[in-house]
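Enquirer: Can you keep this structure in mind? I'll have questions shortly.
The values are calculated or read from the model by the stated rules, or taken from the named source; none is laboratory data. Computed from a predicted model, the values in this text were never measured in an experiment. Heads up, the Cβs are rebuilt from the backbone with ideal geometry, glycines too, and the neighbour counts pull from every protein chain shown. Heads up: the accessible areas ignore ligands, DNA and RNA and are worked out on the full protein's heavy atoms, side chains in. Shrake-Rupley method; radii C 1.70, N 1.55, O 1.52, S 1.80 Å.
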Amino acid sequence: MASSQSTLSPLFSAPPATSLQIAPTTSSDEESAYIDWDNLGFQLMQTDYMYVTKCSDDGIFRQGQLNRYGNIQLSPSAGVLNYGQGLFEGTKAYRREDGRVFLFRPEQNAIRMQIGAERMCMPSPSTDQFVEAVKQTALANKRWIPPFGKGALYIRPLLIGSGPILGFAPAPEYTFLVYACPVGNYFKQGTAPLNLYVEEDVHRASRGGAGGVKSITNYAPVLKAMKNAKANGYSDVLYVDAVNKKYIEEVSSCNIFLVKGNVLSTPIAKGTILEGITRKSIIDIALDLGYTVEERLIEVDELFSADEVFCTGTAVGVAPVGSITYKGQRIEYKISSDQLCKQFYSRLVGIQRGVIKDERNWIVEIE
Ligand SMILES: *Cc1c(COP(=O)(O)O)cnc(C)c1O
């Protein structure tokens, strides 16, 4: 493991952030930030530090450093601004009842970023470098990690083509940056069941595209469909495949599962869905609990006969679906406290909180 002693540079690369949400920086790192922990949503809040490192020709990222959170300088001709050469990740740091802080499978985010970087012609940080950067960012912003049970510190790694380029080509320099923000519920409705709208005209991904990696280019093109769905009272959009418009794929930022009897089904990942770490973990948990899991093509019509449908993602957790609207028909699902997704989620949370044995080494303690 690389040396973890990155300096909290007193020569900040950006002026200290001046948001009112920031408590005086002279306060101890142990002192909790001045925020209302009981009403956390998913709004951006400036925290204290961000981790930054760069690489150029050799493709090797230098030892990064923690800078004050703030604006970064980019050339107007930066690759990311002109040609969308960028990837993001999302992971969370959780505080346990005893105050210790943990990450959940951060090396999976590192590997996913490496796969994405290869697809987008970018160099990527090593797994150790990535995990170290995530840990340092969480630690430097420790006072922003919500108290036990109140949420988590969402950690957002970015990999961008920061070097200037005019003709269409990979950027000459890359920046790996990690910032963080305390979060509670992802959806405004809190933990209420999701109401999804099946979108048939706008597609998120197609074979051969970049839908299977967390490329920044996958998101703006579906904003319009999502905005429309929200304006009509839905929580989010469920996308279908671009070729047949017949198979379900995923929701804007989470994966989807169907339950029928003791079989759990989820769309197979063939480059058009983002393979979530939560998805992967729920599959393992379901297998552990004795359920059958199928990764396969799932027709929209199967939604009509499912016992239960739910979504998974780092940001949303495991969220039950209350209804799905398809071609003007609304399919409703019974929501109950003993439904399977709640069982799976409580096992996942139990592992994260340390009350269920972490047999697969999913949990990484910080410090
Ligand atoms: C990030 C993301 C997910 C969920 O992935 P997790 O690793 O579980 O957080 C699902 N779909 C899309 C499109 C995503 O961007």
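Enquirer: For a quick check of your reading of the model, give me the residue pairs whose first member lies in the range 352-365 and is over 18 Å from Gly149 (Cβ atoms), whose second is open to solvent by less than 100 Å² (accessible area, probe 1.4 Å) and in a loop (DSSP other than H, G, I, E, B), with beta-carbon atoms closer than 6 Å and at least 6 apart or on different chains.
Expert: Hits for this filter: Trp362/Arg105.
Enquirer: Among Val202, Val213, Val240, which is the only one that is β-branched (Val, Ile, Thr), touching a residue at least 60 places away in the same chain (Cβ under 8 Å) and either within 13 Å of the ligand (Cβ to nearest atom) or more than 21 Å from Glu275 (Cβ to Cβ) (or both)? Steps first, please.
Expert: Numbers: Val202 fails: touching a residue at least 60 places away in the same chain (Cβ under 8 Å); Val240 fails: either within 13 Å of the ligand (Cβ to nearest atom) or more than 21 Å from Glu275 (Cβ to Cβ) (or both).
Selected residue: Val213, the only one of Val202, Val213, Val240 that is β-branched (Val, Ile, Thr), touching a residue at least 60 places away in the same chain (Cβ under 8 Å) and either within 13 Å of the ligand (Cβ to nearest atom) or more than 21 Å from Glu275 (Cβ to Cβ) (or both).
Enquirer: Could you please find all residues in the range 294-313 being within 16 Å of the ligand (Cβ to nearest atom) and either open to solvent by less than 10 Å² (accessible area, probe 1.4 Å) or touching a helix residue (DSSP H, G or I) at 6+ places or on another chain (Cβ under 6 Å) (or both)? Quick ask: steps written out before the conclusion?
Expert: Keep residues of the range 294-313 that are within 16 Å of the ligand (Cβ to nearest atom), which gives 295, 298, 309-313.
Ile298, Val309, Phe310, Cys311, Thr312, Gly313 - these are the residues of the range 294-313 that are within 16 Å of the ligand (Cβ to nearest atom) and either open to solvent by less than 10 Å² (accessible area, probe 1.4 Å) or touching a helix residue (DSSP H, G or I) at 6+ places or on another chain (Cβ under 6 Å) (or both).
Enquirer: Additional query: Given the conditions (1) touching a residue at least 60 places away in the same chain (Cβ under 8 Å); (2) part of a strand (DSSP E or B), which single one is not true for Ile282?
Expert: (2)
Enquirer: If you check every pair at least six apart or on different chains, which have Cβ atoms under 9 Å apart with a residue in the range 263-278 that is open to solvent by 10 Å² or more (accessible area, probe 1.4 Å) first and a residue that is away from the ligand (no atom under 13 Å from the Cβ) and of a type in the set (Asp, Glu) second?
Expert: Val263/Glu294; Ile268/Glu294; Ile268/Glu295; Ala269/Glu295; Thr272/Asp241
Enquirer: Let me confirm something: among Lys224, Lys230, which residue is more than 20 Å from Val316 (Cβ to Cβ) and away from the ligand (no atom under 15 Å from the Cβ)? Spell out the reasoning first.
Expert: On the way: Lys230 fails: more than 20 Å from Val316 (Cβ to Cβ).
Answer to the check: Lys224.
Enquirer: Additional query: Can you tell me how many residues in the range 105-125 are open to solvent by 50 Å² or more (accessible area, probe 1.4 Å), within 15 Å of the ligand (Cβ to nearest atom) and either within 17 Å of Ile277 (Cβ to Cβ) or of a type outside the set (Lys, Arg) (or both)?
Expert: Residues meeting the conditions: 4.
Enquirer: Continuing with this model, one more query. Failed condition for Ile324, given (1) within 16 Å of the ligand (Cβ to nearest atom); (2) buried (at least 20 other Cβ atoms within 10 Å of the Cβ), with all others met?
Expert: All conditions pass for Ile324, except number (1).
Enquirer: If I ask for residues that are more than 10 Å from the ligand (Cβ to nearest atom) and either open to solvent by 10 Å² or more (accessible area, probe 1.4 Å) or among the aliphatic types (A, V, I, L, M) (or both), which ones from the range 246-262 would you list?
Expert: Step one: of the range 246-262, the residues more than 10 Å from the ligand (Cβ to nearest atom) are 246-248, 257-262.
The answer is Lys246, Tyr247, Ile248, Leu258, Val259, Lys260, Gly261, Asn262.
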